[in-house]
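*Asks:* Here it is, the structure, as structure tokens.
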Amino acid sequence: MENVKDFISNWIPIKLIEKDDEVYFEWIYFADIPFAEPFFEETIVKCKSHDFNSKSFKLISTAENIMDWSEELDFVELKGLVFHVSRCGSTMLSQSLATSSENIMVSEAPIIDQILRSNAFNSAIKADLLKSVLKFLGQKRFSEQKHLIIKLDAWSIFEASYLRSLFPEIPFALLYRNPGEVLRSHQKMAGMHMVPNLIPSSVFGITSKEIEEISFQQYQVLVLEKYFQGFLDFYERDQNIIMLNYNDGMKNVIEQFIAFIAIDFSESELNSMLERLKKHSKNEKAVFTGDSYKDDILSVNLAQLNVLHKKLNANFIEDLAG
């Protein structure tokens, strides 16, 4: 194909499709729309109004197409991966980082999770495919763009060792929060991973025996226990990693993360990131007034979760001292 680079410019693969023992990828045209929304899927919604995306046909390709075409791209350097336990300030972190025009901040792109959890590829192809998709997500669509930062889904912590094998030099950040506050938020409005069977429990390493006669609320505790344990396990065996604590203050989270990934932002850019903290993470038009869950009653057993949280705090303090 002639002028492949022109053909793929501003096009990004967004969905893995498995049908009739075949695997395809759906693409969407991003035009000049930046990744500025709290979540990747919200940016996709904005893109769908473009003429290229409102036609009756869709652009579909194979995995081989993605890997071949990615070689023609101008893309920015991957600077960090953010793992989190959900409801812990990760959206605020990503929204603050997105205020810099130098950053391509991708927040929970479903295609990454779909590839990670797919059994349709052998290990070599899956590795090449993931790297190729990140090149498309980090496609340099604006001249000032220099850095790609990826915030993963909460359950991606169970793929951390695999991702480390693909990106041995990339800084990984683990963001967590007081477990009672996380659970209060999910009791108010549960995320999909906190609802039994929306995501297979095996993804979290939860066995059928563990969830026998367990309440809905206690299932959420169990998922969070698995996240915390996943953080602890990975922290023990990896060196290029930082623990970040929402309860230390989001200003500190942002400053610690930026220092860790070693990007030299200007003073005005840093001020813009910190100014973003004054607004709600998921609605920039609303002023953030703090959490409102203090009087909620959890009615769950937090004994094991509190033990794990204490260990996370010890590692966090170790990072600060070190």
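The values are calculated or read from the model by the stated rules, or taken from the named source; none is laboratory data. Computed from a predicted model, the values in this text were never measured in an experiment. As a convention, Cβ positions derive from the backbone with ideal geometry for all residues, glycine included, and neighbour counts pool all protein chains shown.
*Asks:* Could you tell me which of the residues Glu169, Glu212 is without any contact (Cβ under 8 Å) to a residue 40 or more places away in the chain and charged (D, E, K, R)?
*Replies:* Glu212
*Asks:* Another question about this same structure. For region 176-187, state whether one or more residues are farther than 20 Å from Val307 by Cβ, at pLDDT 95 or above and among the small types (Gly, Ala, Ser).
*Replies:* The answer is no, given that none of the residues of region 176-187 is farther than 20 Å from Val307 by Cβ, at pLDDT 95 or above and among the small types (Gly, Ala, Ser).
*Asks:* What pairs come out if I take residues in region 79-104 that are free of Cβ contacts under 8 Å to residues at least 12 places away in the same chain and pair them with residues that are of a type outside the set (Phe, Trp, Tyr) whose C-beta lies under 8 Å away, six or more apart or interchain?
*Replies:* none
*Asks:* Return a yes/no flag: does region 176-186 have any residue that is surrounded by 20 or more Cβ atoms within 10 Å (Cβ to Cβ), within 30 Å of Val76 (Cβ to Cβ) and either basic (Lys, Arg) or in contact with a Lys or Arg (Cβ under 9 Å, 6 or more places away or on another chain) (or both).
*Replies:* So far as region 176-186 goes, yes, one or more of its residues are surrounded by 20 or more Cβ atoms within 10 Å (Cβ to Cβ), within 30 Å of Val76 (Cβ to Cβ) and either basic (Lys, Arg) or in contact with a Lys or Arg (Cβ under 9 Å, 6 or more places away or on another chain) (or both).
*Asks:* Here's another thing I want to ask about it. Go through region 24-83 and count every residue that is closer than 29 Å to Tyr162 by Cβ, surrounded by fewer than 15 Cβ atoms within 10 Å (Cβ to Cβ) and among the hydroxyl-bearing types (Ser, Thr, Tyr).
*Replies:* The total comes to 1.
*Asks:* Is there a residue in region 106-119 that is part of a strand (DSSP E or B), of a type in the set (S, T, N, Q) and surrounded by fewer than 21 Cβ atoms within 10 Å (Cβ to Cβ)?
*Replies:* no
*Asks:* Taking the criterion of being small (Gly, Ala, Ser) and touching a Lys or Arg at 6+ places or on another chain (Cβ under 6 Å), would at least one residue in region 200-219 satisfy it?
*Replies:* Checking region 200-219: at least one residue is small (Gly, Ala, Ser) and touching a Lys or Arg at 6+ places or on another chain (Cβ under 6 Å).
*Asks:* In region 151-171, is there at least one residue being closer than 21 Å to Ile28 by Cβ, of a type in the set (A, V, I, L, M) and not in a helix (DSSP H, G or I)?
*Replies:* Yes, some residue in region 151-171 is closer than 21 Å to Ile28 by Cβ, of a type in the set (A, V, I, L, M) and not in a helix (DSSP H, G or I).
*Asks:* Still on this structure, please answer the following. Could you say whether any residue in region 214-227 is within 17 Å of the chain's Cα centre (by Cα), within 22 Å of Ile149 (Cβ to Cβ) and at pLDDT 95 or above?
*Replies:* yes
*Asks:* Considering only helices (runs of 4 or more DSSP H) fully contained in region 4-98, which possess at least 3 residues that are out of contact with any strand residue (DSSP E or B) (no Cβ under 6 Å at 6 or more places or on another chain) and not hydrophobic (A, V, I, L, M, F, W, C)?
*Replies:* Once the helices (runs of 4 or more DSSP H) in region 4-98 are filtered for at least 3 residues that are out of contact with any strand residue (DSSP E or B) (no Cβ under 6 Å at 6 or more places or on another chain) and not hydrophobic (A, V, I, L, M, F, W, C), what remains is 40-47, 63-70, 90-98.
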